[in-house]
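K.L.:
Mind having a look at this structure? Questions to follow.
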Amino acid sequence: MTRSVLISGGGIAGASLAYWLGVSGYAVTVVERAPGLRTSGAAPVDFRGDQLALLERMGVLGDIQACQTGMGDQTVIDASGRRLVVGADGMHSAVRRLAFGEESQFRHDLGLAIAGFDVPNTFALDHGGLIYNEPGRLVMVTSGRDRTRASVGLMFAVSLPDYDWRDTDGQKRIVAEHFAGVGWQAPALLAALREAPDLYFDTVGQIRLDHWSTGRLVLLGDAAWCTGPGGNGTGHAMLGAYTLAGELALAGGDYAAAFRRYEQIMRPPVAKSQKNAAGAGRFLTPATERKIRNRNRTFRILSSRPMTGLFGWLAKRTANTGALRDYPLCDSRGPIQNGRPLPR
């Protein structure tokens, strides 16, 4: 009998799980409300450490590398533009609301909101970025493969418990109000925001649940554990998908046992990442000019030549927050054992 799975959400977690279940013999259906891929926003997807091994097992590492942005330096600047060089259905899960209750029960706000949109690249950026801060606010502009366009990220300290995520015009007004009077290129970016056809807007927070499954339903990725900025969300989504598919394969149809084991494996690295990400706001949007100067001093130290090796090691170590186990699954080259495909 064919086993079937319905996945709500076509993001990194949902797509990864669909792959692993599909090669394991499941009939998989993925539903996604977005009409297409999002192209706006200033937060690139980052793959490091064990995530690269998973991409290789899936047979897509070469395709991912061919599409990489090739991002170079991101530069912290002041108001005059002077530089310091610096090295499944998501958080608002409808499935979680139906099965576990309203989001407010599990959401822990980090006191930040973020807006992302694209503009013409008038900054002469070529695979690089600029970061500008005023107290409680951050402006980030980056350029990737398409050098004619730049991605803008505006982050600010705020509490917005009741904003309407469907009201794009209202979200633009919120952003404009909080960045009124901000220097550097903020006025020009706010003018571009008014005409932006596609806006990403959300508050920044974490999801904390006592359990990730009920009956035959299980949560994955941001729907289960959204960690927040710098919390290795991409890596956890991929590792969680691989672990869930692997435990289902080991359980031989006992989905309840598979769900329990999946949660036992994923909870420790997720908890560690949530702890690390809880203080992101203090680093990204320092509350005072003095704290901005102190943060920038830290950037200078980390980007100095003696520290670049340590910084790279720390970045890789942060990505490897969970063990990559071997499961009776097939990857793009065949069955996996001891981390390698078996000969056909």
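The values are calculated or read from the model by the stated rules, or taken from the named source; none is laboratory data. In this text the structure is predicted, and so the values were computed from the model without any measurement. Note: ideal-geometry Cβ built from the backbone for every residue, glycine included; neighbour counts use all protein chains shown. The protein model used for the area step is the full one, side chains on, heavy atoms only, and it has no ligands, DNA or RNA in it. Shrake-Rupley method; radii C 1.70, N 1.55, O 1.52, S 1.80 Å.
K.L.:
I'm checking my understanding of the structure. Among residues of region 97-119 that are more than 21 Å from the chain's Cα centre (by Cα) and buried (at least 17 other Cβ atoms within 10 Å of the Cβ), which one is modelled with the lowest pLDDT?
P.N.:
Phe100
Rundown of residues vs (1) at pLDDT below 90; (2) under 18 Å from Gln264 (Cα atoms); (3) open to solvent by less than 20 Å² (accessible area, probe 1.4 Å), yes/no style:
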residue: Thr203; (1), (2), (3): yes, no, yes
residue: Gln206; (1), (2), (3): no, no, yes
residue: Cys226; (1), (2), (3): no, yes, yes
residue: Pro229; (1), (2), (3): yes, no, no
residue: Gly235; (1), (2), (3): yes, yes, yes
residue: Tyr242; (1), (2), (3): no, yes, yes
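K.L.:
Okay, next question. Could you grab me the full set of residues in region 138-168 that are open to solvent by 50 Å² or more (accessible area, probe 1.4 Å) and either farther than 14 Å from Gly116 by Cα or within 20 Å of the chain's Cα centre (by Cα) (or both)?
P.N.:
Let us first name the residues in region 138-168 that are open to solvent by 50 Å² or more (accessible area, probe 1.4 Å), namely 145-149, 157, 159, 161-162, 164-168.
Once the filter is applied, which keeps residues that are open to solvent by 50 Å² or more (accessible area, probe 1.4 Å) and either farther than 14 Å from Gly116 by Cα or within 20 Å of the chain's Cα centre (by Cα) (or both), region 138-168 yields Arg145, Asp146, Arg147, Thr148, Ala157, Ser159, Pro161, Asp162, Asp164, Trp165, Arg166, Asp167.
K.L.:
Would you say Thr75 is out of contact with any helix residue (DSSP H, G or I) (no Cβ under 9 Å at 6 or more places or on another chain), of a type in the set (Val, Ile, Thr), modelled with pLDDT under 85 and buried (at least 18 other Cβ atoms within 10 Å of the Cβ)?
P.N.:
Taking the combined requirement at face value, the residue satisfies it.
K.L.:
Let me ask something else about it. Applying the selection to region 185-230, what residues are in contact with a strand residue (DSSP E or B) (Cβ under 9 Å, 6 or more places away or on another chain) and of a type in the set (Asp, Glu)?
P.N.:
Asp198, Asp202, Asp222 - these are the residues of region 185-230 that are in contact with a strand residue (DSSP E or B) (Cβ under 9 Å, 6 or more places away or on another chain) and of a type in the set (Asp, Glu).
K.L.:
Looking at (1) within 27 Å of Arg290 (Cβ to Cβ); (2) of a type in the set (Val, Ile, Thr); (3) open to solvent by 60 Å² or more (accessible area, probe 1.4 Å), which is the only condition Ile131 fails?
P.N.:
That leaves (3) as the condition not met.
K.L.:
Do we find that Gly205 is out of contact with any Pro (no Cβ under 9 Å at 6 or more places or on another chain) and not in a strand (DSSP E or B) in this structure?
P.N.:
The answer is no for Gly205.
K.L.:
Among the residues of region 55-71, what is the count of those that are more than 17 Å from the chain's Cα centre (by Cα), modelled with pLDDT of 85 or more and in a helix (DSSP H, G or I)?
P.N.:
Keep residues of region 55-71 that are more than 17 Å from the chain's Cα centre (by Cα), which gives 56-63, 65-67, 70.
Filter again for modelled with pLDDT of 85 or more, leaving 56-63.
Subsequent filtering for residues that are in a helix (DSSP H, G or I) retains 56-58, 61-63.
Looking only at that region, the number is 6.
Listed here are the residues, each with its yes/no results for (1) of a type outside the set (S, T, N, Q); (2) more than 27 Å from Phe123 (Cα to Cα); (3) open to solvent by less than 10 Å² (accessible area, probe 1.4 Å).
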{"residue": "Lys172", "(1), (2), (3)": "yes, no, no"}
{"residue": "Glu177", "(1), (2), (3)": "yes, no, no"}
{"residue": "Asp210", "(1), (2), (3)": "yes, yes, no"}
{"residue": "Tyr262", "(1), (2), (3)": "yes, yes, yes"}
{"residue": "Ala277", "(1), (2), (3)": "yes, yes, yes"}
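K.L.:
Any residue in region 22-51 that's modelled with pLDDT under 80 and aromatic (Phe, Trp, Tyr): show its pairings with residues that are open to solvent by less than 70 Å² (accessible area, probe 1.4 Å) and not in a loop (DSSP other than H, G, I, E, B) at Cβ separation under 7 Å, as long as the two are six or more apart or on different chains.
P.N.:
Within 7 Å, the pairs are Phe47/Leu55; Phe47/Ile64; Phe47/Thr234.
K.L.:
Report the residue count in region 277-286 for those that are closer than 17 Å to Arg107 by Cα and assigned to a helix (DSSP H, G or I).
P.N.:
Result for region 277-286: 3.
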